Each structure stands twice: as structure tokens, then as C-alpha cells.
């Protein structure tokens, strides 16, 4: 780290735990800016998540799921994905989630990008994989609960063939927009 970058590092004086579950850890951090300003900041830590862009053989459609998300009270198109189990390889997670949620088995998942979509208050690494091709293996798994999605669909992957109204498309780590 250079002297210039060190001069912009925040100092964490304390971090108080508010809630701790298997899917999130919420705390309040007492921080100090380089100019001496002190304040408290909520901090949300979540497990890594893995999702996959699955393209068809012609690479002109992407496999997506149509889901309602109660937090934003909207139906949206999402990539299949989920939380990475503690001892699981993220590529295995992404492929498993595609199979469980859509009934398609990706042929060759490869890392595409890793990101922290809300780094100002959240530590929630999102790992995105890509597969060129998939094989249909059956219905999505619904043995433990009703399906989370009324269905998965192959959506045109070019901007000139938008699959839905823009109100149905919301940017997030798992929902997509053009």
C-alpha cells in the first residue's frame, strides 16, 4: 500500500454485533475517517453467492427464471444461483443451483466475474459463472418446498430482442437488465 492510499483508509474502533444467523451477520461499526470525523456505520456480512449465465448452443438465448421478490414487490428475471455452502466449490454451487432451480445441467461452467455489489455497507461476494450450453435433465427440484419460480425460460440475449418490459427488469446481482 502506498502512503497516498494509506491516507484514505478508515479506522475501525469497534464493531458491535446486532444479529448473527447462518445467512447474515449484522453489526454496527464505530469508524473514523482520515480527517478525524467519527461515526457509526451499519455493516451487513453475508455468505458468498454463486450464479450462472447459461447460454444455449447458439449463444443467442440465456436461461433465466421468472420470480416474485417480496422485498422489492416485483416480478423479475433472475439468473439461477444461491449461497455457497461452507465447504463447497463455488463453481459446483452455481451448477447445482442451475440444476435444482431450472432442470437444466450446464455443460462447462467457467468463472466470469466476482463482485461486491453493495460494498458501502455490505460484504456479500457474488461469483458469476458462464456456461456455453446445457442439457435438460428434468423438472426443477421441488421436493422440500413449493417451487420458488413458476418457470425458467430461454430469453433472447441481445438488447434488440428485449424479453420484457423495463419495469420487469431490475439491476441486482441476480436479476438482470439490458
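All of the numbers you see were taken from the coordinates with simple rules; none came from a lab. None of these values were measured; they are calculated from a predicted model. Cβ coordinates were reconstructed from backbone atoms using ideal geometry, including for glycine residues, and neighbour counts include every protein chain displayed.
For the reader, a short list of remarks on this structure follows.
- The calculated P(r) of segment 18-112, using every Cα pair and 5 Å bins from 0, goes 2, 11, 15, 16, 15, 13, 9, 8, 6, 3, 1, 0 in percent.
- Segment 81-99 and segment 1-72: distance between their alpha carbon centers, rounded to Å: 19
- Peptides 10-16, 41-47 ordered by average Cβ neighbours within 10 Å, highest first: 41-47, 10-16
- Shape category assigned to segment 49-168 from the gyration tensor of Cα positions, a/c cut at 1.5: rounded
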